[in-house]
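Here the structure is laid out as structure tokens; the discussion comes afterwards.
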């Protein structure tokens, strides 16, 4: 049980690092379906009933719009109804990268700080005996 408590801080930092590394930040200014399909970027669509849908991209075929949703290794085309859309937001790539890099850097920095401050895990020959 004490080994679990000693390693718990390491698990927290690793979890935070992974969570920040997979964040997506979306632009605050909403765009039209046409602009979203031209951008080719990730999109968040909020419907009139406040449900959120996330798509890898939007594609236009004839006059119909489809959201490409990832399902494992497959891409699923889901039709998008214009009447149901409240707001469309495109991913902000620069802010997403910044949050990912900052999250991982802070987590690694905290981990190095904890290790160098003398906190021991009790594991191996360098741990406490």
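The values are calculated or read from the model by the stated rules, or taken from the named source; none is laboratory data. In this text the structure is predicted, and so the values were computed from the model without any measurement. Methodologically, a virtual Cβ is constructed for each residue, glycine included, from the backbone with ideal geometry; neighbour enumeration extends over all protein chains shown.
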For this session: For region 74-97, enumerate the residues that are free of Cβ contacts under 8 Å to residues at least 12 places away in the same chain and within 18 Å of the chain's Cα centre (by Cα).
Result: 94, 97
For this session: For residues that are over 23 Å from residue 17 (Cα atoms) and loosely packed, with under 13 Cβ neighbours inside 10 Å, tally how many sit in region 88-113.
Result: 0
For this session: Report whether or not residue 56 is at pLDDT 90 or above, assigned by TED's automatic domain parsing to the domain that holds residue 80 and surrounded by 13 or more Cβ atoms within 10 Å (Cβ to Cβ).
Result: yes
Exercise. Looking at region 69-92, which of its residues are in a strand (DSSP E or B), out of contact with any helix residue (DSSP H, G or I) (no Cβ under 8 Å at 6 or more places or on another chain) and closer than 18 Å to residue 38 by Cβ?
Worked result: 77, 87, 89, 91
For this session: Might you let me know whether region 35-42 holds any residue that is assigned to a strand (DSSP E or B), in contact with a strand residue (DSSP E or B) (Cβ under 8 Å, 6 or more places away or on another chain), modelled with pLDDT of 85 or more and not assigned by TED's automatic domain parsing to the domain that holds residue 110?
Result: no
Exercise. Within region 55-68, which residues are over 15 Å from the mean Cα position of the chain (by Cα) and not in a loop (DSSP other than H, G, I, E, B)?
Worked result: 57, 58, 59, 60, 61, 64, 65, 66, 67, 68
